[in-house]
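**Q** Structure below; questions to follow.
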Amino acid sequence: MKKILPLILLAFVGLFVMSCNNNDNVVGDGDTISLMQDATGTFSSGNGFLLSKGISIQSTDVVLVYRKEGNMWQQIPKTYYLDNVNGLPTNRELDYNFKFNTTDVNIETKANFNQGTQMTSAETAQYLTNQTFRIVLVPANASGNKAKKANVDYSDYNAVVKYYNLDDSHVPMSRVN
């Protein structure tokens, strides 16, 4: 009996040692589950130059929005300074911005000129027609622990994907407006 007791104790301790996992290689803050979705739509005077996408988040969560530009993602808000074109106002500025609440993300364009009549057809195609946006939903730290502040550059889409360990190969796409 005296010889079996140390073996049982050793087996019991070994069970707990082997079940512990100190995985320090995890990227992200451990309690965050991020989601992404793409929305494509056309800005026009008919929709008030506003695209709306339904979401479902907690009031403490964060929304990031990126605009597809070629084969890259550009974080918005973003201002574009359009070229001076004969017959159109000079120093034209076009802004992409967004607002969100717990149920919707509204992406809009604003300008210091009339977007419906004072853009070339090439500008309309580049900035207003069939625009794709990637919406990244990042739940906040529910524990309220401010020590776990994310150390990530949110303007760098690839850094966000890496930090939150996101799979951007199968992002759901939807048409809006």
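The values are calculated or read from the model by the stated rules, or taken from the named source; none is laboratory data. Keep in mind it's a predicted model, so treat the numbers as computed, not measured. Positions of Cβ are generated from backbone atoms using ideal geometry, with glycine treated the same way; all protein chains shown enter the neighbour counts. These accessible areas exclude ligands, DNA and RNA; they are computed on the full protein's heavy atoms, side chains included. Shrake-Rupley method; radii C 1.70, N 1.55, O 1.52, S 1.80 Å.
**Q** Rounded to the nearest 0.05, what FRET efficiency do Asn165 and Asn47 give with R0 = 35 Å and r taken as the Cβ-Cβ distance? Could you check?
**A** Values: r = 35 Å, r/R0 = 1.00.
Taking R0 as 35 Å, the efficiency between Asn165 and Asn47 is 0.50.
**Q** Label-point separation (nm) for Ser59 and Ser174, each offset 7 Å from Cα along Cα-to-Cβ?
**A** Between Ser59 and Ser174, the simple spin-label model gives 2.3 nm.
**Q** Determine the relative contact order of the range 82-121: mean sequence separation of Cα pairs under 8 Å and six or more apart, normalised by residue count, in whole percent. Each step should come with its number before you reach the end.
**A** Numbers: 43 pairs, mean separation 13.6, N = 40.
Once normalised by length, the contact order is 34 percent.
**Q** Set the bar at 22 Å for Cα to Cα. Now go through Lys99/Lys162; Lys68/Lys162; Lys53/Lys110 and name every pair that lies beyond it.
**A** In this structure, Lys99/Lys162 exceed 22 Å between Cα atoms.
**Q** Largest first, how would Asp104, Asp167 line up by accessible area (1.4 Å probe)?
**A** Order by accessible area, largest first: Asp167, Asp104.
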